[in-house]
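The values are calculated or read from the model by the stated rules, or taken from the named source; none is laboratory data. Keep in mind that this is a model prediction, so the values were computed, not measured. Positions of Cβ are generated from backbone atoms using ideal geometry, with glycine treated the same way; all protein chains shown enter the neighbour counts. Surface areas here come from the heavy atoms of the whole protein model, side chains and all, with no ligands, DNA or RNA. Shrake-Rupley method; radii C 1.70, N 1.55, O 1.52, S 1.80 Å.
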Amino acid sequence: IPGAAAFRQVHFPAGDVPLEAYNRFASPAHQRLIFEEFFWLSLAIGLRRQGREQSPKGTVIEVNDRVRNAVRAILPFKPTNAQKRVLREIVADMTSSKPMNRLLQGDVGAGKTIVAVQAAIVAIENGYQAAIMAPTEILAEQHYRKFAEWLAPLQVTVAWISGGIKKSDKKQQVIRISQGEAQIVVGTHALFEEEVIFKNLGLAIIDEQHRFGVHQRLALRMKGAKSGKGGAQPHQLMMSATPIPRTLAMSYYADLDVSVIDELPPGRTPVVTKLVAEDRRDEVIQRVRDACIEGRQAYWVCPLIEESEKLQLQTALDTHAHVQQTFPELRVGLVHGRLKIADKQQVMAAFQRGEIQLLVATTVIEVGVDVPNASLMVIEHAERMGLSQMHQLRGRVGRGATESACVLLYQNPLTPTARERLKIIYENTDGFEISRHDLQLRGPGELLGARQSGVPMLRFADLALDLDLLDAARDAAEMLLREHPDAARAHLARWLGGRGEYLKV
């Protein structure tokens, strides 16, 4: 069916095709449009792959005994076999002639950060700088503290830069970065501000990569390319604790090399998940109090900072005040996105030292926070949160030897979608399985965090149901690229509508 006819038929169904087929997106017209979506997507990925193969040389990296000894020197624990395997894959990329473009996946708590530190050491021991970009200031600061602690034996200088630090401090850090004095630079979006100039960036690490737009990831890589000798591009390692289902990776990340840490470090205890209705709130507060009195720590996560007339959600401010009033014997902290950085740092540091027993917070603590003594997590209004977010939050507990629990506090009545989300998170602890369900519920655009980032999304195609068409479209795209490359580029330029720069990512 020609494209124009297919578009007409999906709006004005042909009489010889059952209406039920149109409702299921299974009519010949829908199949034609699904194939086309997969075809253009495969064509874009194929061109992006060709661009990588023809790109300037990557940063020259060598590995010898000195580098290996430096990598071993900072290990705070014995790595898992999975961590060893993915590090070998990353180092193999870094020592090749092409710039690395690798995605490191691993469930919450799998130990991706230490692998990233080891990769950074390989770059530093070769005379290059490394940068790690995180989506939130809390996570960026935690990376800064961990990197500084782990790298102290090697006397590696670590700098931290974010939008919230004082202008004078920021200026000083920018100078250190430009002169190469800062060997590792940890930061937020501030890393790709115009004033931040690297002397010789060899490795760019992007944590929680789905939280950044395509153009932001591209900006950091291009900034590194300007500092490279002879235009050499820095190696790029993207990390995600939101595992991507195989079908999605095949479609959107087919041009990337993917490493997976598929085992957790020993000693991690499974987290028990409990669903509790709002009318049992007092029981939950009592349980939190008992856990804290017994010497453990707890999180209480709320979705909003202040009251919303539309949503009528319980807020972090109200919860903090209520718990303090009800249990004056507890040491309660409060952290949210509008706190000044210094105040936020002070609260988080006190919680990590055990001086705060209960931390009331918004979802700013979703990723990266690591307090082994925290064994209880309460998520307020869980029915309004996404699967990935709940899984990330749940991963803040269960990091020590103590039995841990996550209480999902929900408010009735539940919508069918909310009920399904709570059922999935209650029944599953495997991040890949949760991600598979998330793909079915939300679609690829929202799951990748790419709805607004210029990545072409699928309107008709379903990655779970249309794999046969995906395979056929990929074969057709490869044939066109091989036999008619100029026509392929021209057609793709029309389809992308001026967004060709995203092929560079």
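PRE reach from Arg353 (point 7 Å along Cα→Cβ): which of the range 135-152 fall under 18 Å by backbone N?
From the range 135-152, the list is 142, 145-146, 149.
With +1 assigned to the C-beta of every Lys and Arg and -1 to the C-beta of every Asp and Glu, and no other charges, what is the dipole magnitude of the range 1-90 about the Cα centre in debye, to the nearest 20? If you can, show how the numbers build up before the last one.
On the way: 14 positive and 8 negative charges, 159 e Å.
Charge dipole, the range 1-90, about its Cα centre: 760 debye, nearest 20.
Report the relative contact order of the range 1-90, percent, no decimals, based on alpha-carbon pairs under 8 angstrom and at least 6 residues apart. List each step's numbers first, then the result.
Values: 23 pairs, mean separation 19.8, N = 90.
Relative contact order of the range 1-90: 22 percent.
Subtract the Cα-Cα distance of Ile1 and His484 from 0.36 nm times their separation in residues, and report this length gain in nm to one decimal. Spell out each step's value before the answer.
Numbers: separation 483, 0.36 × 483 = 173.88 nm, distance 2.26 nm.
Result for the pair: 171.6 nm of gain on full extension.
Quick one: compute the contact order of the range 338-406, relative version, from alpha carbon pairs under 8 angstrom and 6+ residues apart, as a percent.
Details: 66 pairs, mean separation 22.0, N = 69.
Normalised by residue count, the contact order of the range 338-406 is 32 percent.
For the pair Thr415 and Arg88, what calculated FRET efficiency results from E = 1/(1 + (r/R0)^6), where r is the Cβ-Cβ distance and R0 = 41 Å, to the nearest 0.05?
Working: r = 46 Å, r/R0 = 1.13.
Between Arg88 and Thr415 the formula returns 0.35.
With a Förster radius of 56 Å, plug the Cβ-Cβ distance of Ile175 and Ala21 into 1/(1 + (r/R0)^6) and report the FRET value to the nearest 0.05.
Numbers: r = 65 Å, r/R0 = 1.16.
Plugging the Cβ-Cβ distance into 1/(1 + (r/R0)^6) gives 0.30.
So what is the relative contact order for the range 56-165, in percent, with contacts set as C-alpha pairs under 8 Å and at least six apart?
Computed over the range 56-165, the figure is 33 percent.
List the pairs from Lys112/Lys146; Lys112/Lys199; Lys78/Lys146 whose alpha-carbon separation is above 22 Å, in the order I gave them.
Lys112/Lys199
Express the accessible area of the range 1-107 per residue in Å², computed with a 1.4 Å probe while the remaining protein chains stay in the model. Don't skip to the end; give the middle numbers.
On the way: 5560 Å² over 107 residues.
Spelled out: the 1.4 Å probe surface of the range 1-107, per residue, equals 52 Å².
Between Asn81 and Glu433, how many nm apart are label points set 7 Å from Cα along the C-beta direction?
Going by the 7 Å Cα→Cβ label model, 2.2 nm.
Distance cut-off 28 Å, Cα to Cα: go down the list Lys167/Lys344; Lys84/Lys170; Lys84/Lys340; Lys98/Lys166; Lys171/Lys340 and report the pairs above it.
Numbers: Lys167/Lys344 18 Å; Lys84/Lys170 36 Å; Lys84/Lys340 39 Å; Lys98/Lys166 38 Å; Lys171/Lys340 19 Å.
Among Lys167/Lys344; Lys84/Lys170; Lys84/Lys340; Lys98/Lys166; Lys171/Lys340, the Cα-Cα distance tops 28 Å for Lys84/Lys170; Lys84/Lys340; Lys98/Lys166.
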